[in-house]
Amino acid sequence: MDFKDYLINQKEFSLKALAFRMWPNNKTADNYLSKKLHGYSDQQFTAKDEKLARKALKELGVKLIADAKQKP
């Protein structure tokens, strides 16, 4: 399974959260990512997109770990 397929099929995290980390200045980042992943409107999920997604996943993971370590 390639990374694009992983993103489409995984159920561990919200693609919306990932999209807004990838493109923080894009108000419709979630729709943009969906179009790229599914090939709508001639949008392609590129190597650059994969790099952004991997970076955003790392950031989300670090945030989740930090949140989990905080005492209630």
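Could you give the angle, 0 to 90 degrees to the nearest 10, between helix 47-69's Cα long axis and the longest principal axis of the Cα atoms of the chain? Rounded to the nearest ten degrees, it is 20. Each residue of the stretch 5-19 is assigned a 3J(HN,Hα), and the resulting list reads 5, 4, 4, 5, 9, 5, 10, 7, 8, 7, 5, 4, 4, 5, 4 Hz, derived from the Karplus form 6.51 cos²θ - 1.76 cosθ + 1.60 (θ = phi - 60°), x at Gly and Pro.
Taking loop as defined by DSSP and a crowding limit of 13 other beta carbons within 10 Å, which GluC sites (Glu not before Pro) in the stretch 4-72 fit?
Details: sites: GLU12, GLU50, GLU59; in loops: GLU12.
Sites meeting the loop and neighbour criteria: GLU12.
Which chymotrypsin sites (Phe, Trp or Tyr not before Pro) in the chain pass both tests, a DSSP loop state and at most 15 other beta-carbon atoms within 10 Å?
Working: sites: PHE3, TYR6, PHE13, PHE20, TYR32, TYR40, PHE45; in loops: PHE13, PHE45.
Of the chymotrypsin sites (Phe, Trp or Tyr not before Pro), the ones in loops of the chain whose Cβ has at most 15 other Cβ atoms within 10 Å are PHE13.
This model, with +1 at the C-beta of Lys and Arg and -1 at the C-beta of Asp and Glu, gives the chain a dipole about its Cα centre of some 320 debye. Just in the stretch 1-48: which trypsin sites (Lys or Arg not before Pro) are loop by DSSP and have at most 11 other Cβ atoms within 10 Å? Those satisfying the criteria are LYS11, LYS27. Here's how it looks for GLN43: its modeled amide H is under 5 Å from none belonging to a residue 5 or more places away or on a different chain.
For the chain, the relative contact order is 28 percent, taking Cα pairs closer than 8 Å that sit 6 or more residues apart in sequence and dividing their mean separation by the residue count. Working from Cα positions, state the angle (0 to 90°, nearest 10) between the long axis of helix 29-38 and the longest principal axis of the chain. The angle comes out near 50 degrees. Within the stretch 42-72, whose backbone N sits under 16 Å from a point 7 Å along Cα→Cβ of TYR6? In the stretch 42-72, the label zone of TYR6 (backbone N under 16 Å from the point 7 Å along Cα→Cβ) covers 46-62. Only alpha carbons enter this Debye calculation for the chain, each as an equal point scatterer, and the log10 of I(q)/I(0) it gives at q = 0.14 Å⁻¹ is -0.45.
Read-outs throughout are calculated quantities, based only on the coordinates presented, and are distinct from any laboratory measurement. The model shown is predicted, which means the values in this text are computed figures rather than measured ones. No Cβ is skipped: glycine too gets one built from the backbone with ideal geometry, and neighbour counts run over all protein chains shown.
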